[in-house]
Structures are given as C-alpha cells and as structure tokens.
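Report on the following structure.
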Amino acid sequence: MTESVRLTVPPVFTHNSFEYFLGQLPEGLSAGGCCVFDFRVVTGMTAFGVLSLLILCETLSSLGIKVSVDSRDNQPVKDMLAQWGFSQFFPQEEGAVSGQGHSSRIVLPITPIQGEQDVYEVISALRDSIPMSPRQATDLVVVVSEIAQNIMEHSSAKGYIAVGRHRRRARQDMVDICVADGGVGMGQSLKEKLAYVDRRYLDSFAIYKALYEGLSRHDEPGRGNGIVKTRELVRKHGGRLSLRSGRAKIWGTVSFWQIERVLKKQLCFLPGTQVHIEFPLSRELPQYAEELNLDTSPA
Amino acid sequence: MAAVVTIQLKDVVRRQVKGRYYDLVTRQIGKSIFRHLEEKIAKAGSGTVIILDFADIGAIDYSCADEIFARLVRRLQLDEYGEKYLALKGLSPHHKENIDIVMEKNDLAVLVYEKRTWEVLGSLDNYLFQTLEAIMDAGQMSSPVLSQQLDLALNTASMRLRNLSKLRLVKKRPATNDGGKRCFIYETLTGRRN
C-alpha cells in the first residue's frame, strides 16, 4: 500500500514556521510514498520559505517519493509560487499554477547558481533593481558573493538564490536574501577537521566553527575568512543572518558568548545548507544623490 | 631606470566576465584574474614595478582578494617571478578595508599609492614601518644614513632595510660609497619621494 502524507504549510511561510512545517514530516517515509503540501491557508512566504521548500521537494523526489503541491482555491498563493519561479523548477500536478504578473516584494526570483558567471549576473541584477548608496551596494555585493560562491566551493550540488524585500519597521526596508543548496552540508564538509566531535552535534559545531572561527576544510590561511566577515558585515549594517545545515540552525548575529541562545540543535534533517540574510536598506539617499553632489547632511 | 607598468584592473575583469559592473567577486574569477596578471608579471623585465589601478572597480570580496593579491604578493616575496614589485593605486575605502583584512590574515603587506600619499595594507611590524617612512621621505636610503637618522646600530639598520626589500616594499640596487666600497641603496618603488 502506498503511504500518503499531507503536510499543512503555515499561513506565513518564513524561516521560523519552516521548522514547524518540517516537523510534520514522518520519519519512516519511504520510496513509492506520496507527500502533498497543502498551501490552501498560506498568505505569504519569504525567500527562505520558498527556497527551502524547493530543496525539500527535490530531496523527497530524489528518494522516490512523489511530491505535489495543493493550492486549490488559493489564487494568490498560486500567483506567488509562479512569481517566485517555484513552478519552473518544480512543476506540480495538483492545482496547477497559472499565476501571472510581478510582485514588488520579489527582487529576484529563484535563480540557479552553478558557476561564477551566475553569481556575477545575480550581483548585477541586484545592483540594478535595488536603489542603494555606493557603500551599501558594495557591502551587499560582498555578502551575496561570499555566500553564493560557497555552493560551488563546498556543496557539490546545484544551489539557488532568491531575493525578496519587506518592511521591518516603519520606513525600514529590508532585503531578504536566501541562498540554499541540497548538497553535503557544513557538518559533512568539515567532518575531517571535526573528527573529535560527536556525530549528533557535528552540524551545530560545524556551524559555530565556520561562522565564528572561520574553519574551512582547506588549509590555506586565506580560507574560511569570507563567512566570518560576512556575518560581521551583516551585523555592522544592523541586519540578521540565519544559517541552517543538516540538523542545526543559528539565527542572529550575536556575539559568541550568546551563541547558546540562538544555536538550535537536533532539528529535523534537511540536506545541504540554507542561508537567510536580512539586510537593511538605510534611509540614505540613493546613488544618484551622491553623483549629483546633493547635500545629504542634516540641516 | 626600471620600468613602471600600470595595469587597469577593469580591463582584466572585462576579459574574464561578461557584465556591466567591474566587481571582483568569487574565488574562481579571482583565480582567472590571478593567472592573467601572473602572465603579465612574468613577461615584465627585471626590476619592473607593476601598479594595479583600481579605477572604476566596484566591489571586491574577501575570496577574490585572497586569490589575487595574497597569492601575487606571496609569490613575489618567494622570488618566483624574479625581481619584480607590486603596488596598488586608485583604491576606495571599501577596497582598502577588504584587501587589508585579507593581507592581514595572510601576514603579508602591499603598498598603496595615492596622489600625494602612500599607505601599507596588511601587517607590517612597527620597526619596519618606521624604516619605510624614512625611505619614503627621503626617496632613497643606505644603511649608514638610516643608522644615523634613526640612531640605530649599523647592522640593525642594514637588517631592517634588507627585510623591507624581501617584502618587496622597497627596491634594492647596488652602488659604490665614497670610500669606493660596494654597498646597497634602498629606494621607493617609484624612485621618488612620497
């Protein structure tokens, strides 16, 4: 008999509610089974939500489990999935998506990252679509390139990037960047360097070591620097960074002595690494103001 | 007088990637830029100073900076390209910050020339920095002059100058002193006062 599971996607599908969603997945789901993601109550989803869902769908499919998305009677979510480009990478059968148009909340729909030219094009697209001061633009480029190139360097699988936009507080615009892959994950990538760590805590320890101490599987002195400095850059701008790999996740850009508070261990397993960055766009005038030598100092 | 070759980095970036911006990003792009620059350095004559001009360059990430500048400087210091020198110019504060972090992490140093000033990015011991300042002010210097100027023992002054030359921050050329003895003169990369 074919096993069928129905998972309800939370109304607001973000990095926080994703853990609840993944927790619904039964342990013993095997090849030949069927998994339906129920999108009927969804009202919104972030770049992290849509990319993590894509990684989950690809993983289940590779295990021989049939996955379908049920978004009947929910036209906005159909449009949303189509606008994010989800249906292009993972066509569904049930409640086929037919959304049109473009949402102002989506800066860059799901884009595959397979080589350095892809990273370059993503960066150019971000520079073109987000009005920023030159300083913000250069820092955002560094953040995106450092995170995105890890897919090619470490994951040994195809990865994706998606960028959205939302408003955190009054007049505080945030750029939502999510870079995700379904590859080996940080624990496996660093397992030779962390041979002394208990297998159960390998993922969480690997996240800590990479993010705070710059541990890399390569021995050259310049390696491992990028992710540490990226965390510092995001923190400097008042943004937030969440990193999920295997069974562990860290949320926040806190100092290392506060890490126990934000490092989650023993979560449900999802292959690869998923990074989510909230990068604030400050209220500085955009690039053209500086080029025109406008006086931007307070009166 | 030795040649000074200025390389526009944006021209090198344009050969490696297609796009409207001149960003130095990703380790892979860094590797191909490094190979291109390495070829140019290898072709240059002995004593040549290669100046990399950052005009119009956008962002530079840590991985790309590591792949280009840390590798070039390390190989220059190891004498893999013969007697050649490297300096940078036209850097924005963002470029300086990121290259400084990378050079510091690799325990290396590189010279940056601005219109009327100069700067060292990376890690350089205080005593070597003090010596470099003296050479930059004078344009060139020998061990006895440095010894007198900084009130150092002659062998200490000589050792400092030799170390700076090994780091490829100053040029060393043989000369003859007043007594007809062979000695070395250490001069700035551009051969001028800064």
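The values are calculated or read from the model by the stated rules, or taken from the named source; none is laboratory data. These figures come from a predicted structure and were not determined experimentally. Because the Cβ atoms are built from the backbone with ideal geometry, glycine has one as well, and the counts that use them run over all protein chains shown. Accessible surface is based on the protein model in full, side chains and every heavy atom, while ligands, DNA and RNA are left aside. Shrake-Rupley method; radii C 1.70, N 1.55, O 1.52, S 1.80 Å.
Descriptive notes on the structure:
- Other residues whose C-beta falls under 15 angstrom from the C-beta of B:Thr156 contribute a net charge of 0, scoring Lys and Arg +1 and Asp and Glu -1.
- Annotation for B:Ser92 and A:Ser129: the two label points, set 7 Å from Cα along the Cα-Cβ direction, are 2.2 nm apart.
- Difference of contour (0.36 nm per residue) and Cα-Cα distance, B:Arg35 to B:Cys183: 49.6 nm
- Each listed q (0.05, 0.06, 0.07, 0.12 Å⁻¹) maps to a log10 I(q)/I(0) for the protein assembly as shown, found by the Debye formula over equal Cα scatterers with no solvent: -0.25, -0.35, -0.46, -1.07.
- Residue with peak Gaussian network fluctuation, chain A [Cα springs, cutoff 10 Å], from A:Ala31, A:Ala47, A:Ala210: A:Ala31
- Computed with every protein chain present, the accessible area of A:Thr46 is close to 30 Å² [probe 1.4 Å].
- Global geometry of segment B:1-123, whether rounded, prolate or oblate, following the gyration tensor of its Cα atoms and the 1.5 cut on a/c: rounded
- Segment B:1-123: antiparallel DSSP beta bridges as a percent of all, rounded to 5: 25 percent
- Among A:Ile113, A:Ile259, A:Ile227, the largest mean-square fluctuation in a Gaussian network model of chain A, built with springs joining Cα atoms closer than 10 Å, belongs to A:Ile259.
- Charge dipole (debye, nearest 20) of segment A:4-89; +1 at Cβ of Lys and Arg, -1 at Cβ of Asp and Glu: 140 debye
- Spatially proximal lysines relative to B:Lys171 (Cα-Cα < 29 Å; intrachain offsets below 8 disregarded): B:Lys10, B:Lys31, B:Lys40, B:Lys43, B:Lys84, B:Lys89, B:Lys96, B:Lys105, B:Lys115, B:Lys181
- Each DSSP beta bridge with both residues in the protein assembly as shown is either parallel or antiparallel, and the antiparallel ones are about 65%.
- Summing Cβ point charges (Lys, Arg +1; Asp, Glu -1) relative to the Cα centre of chain B gives a dipole of roughly 680 debye.
- Helix axis angle, B:93-105 relative to chain B longest principal axis, alpha carbon, degrees: 70 degrees
- Helix runs (DSSP H) in chain A reaching 18 Å along axis by Cα, Kyte-Doolittle at least 1.6: A:47-62
- Here the spin labels are modelled as points 7 Å beyond Cα on the Cα-Cβ line, and at A:Phe269 and A:Lys236 they lie 3.9 nm apart.
- 17 Å cut-off, amide nitrogen to a point 7 angstrom out along B:Val5 Cα→Cβ, residues in segment B:31-49: B:33-49
- Positive-end residue of A:Gly28, A:Pro131, A:Gln149, charge dipole of chain A with Cβ unit charges: A:Gly28
- Residues whose placed amide H lies under 5 Å from that of A:Gly183, excluding near-sequence neighbours: A:Gly272, A:Thr273
- Amide H contacts under 5 Å for B:Ile7: B:Ile51, B:Leu52, B:Asp53, restricted to partners 5 or more places along the chain or on a different chain, H placed in the peptide plane at 1.01 Å from N.
- When the listed pairs A:Lys193/A:Lys265; A:Lys193/A:Lys249; A:Lys66/A:Lys191; A:Lys78/A:Lys158 are checked against a 22 Å cut-off, the alpha-carbon distance exceeds it for A:Lys66/A:Lys191; A:Lys78/A:Lys158.
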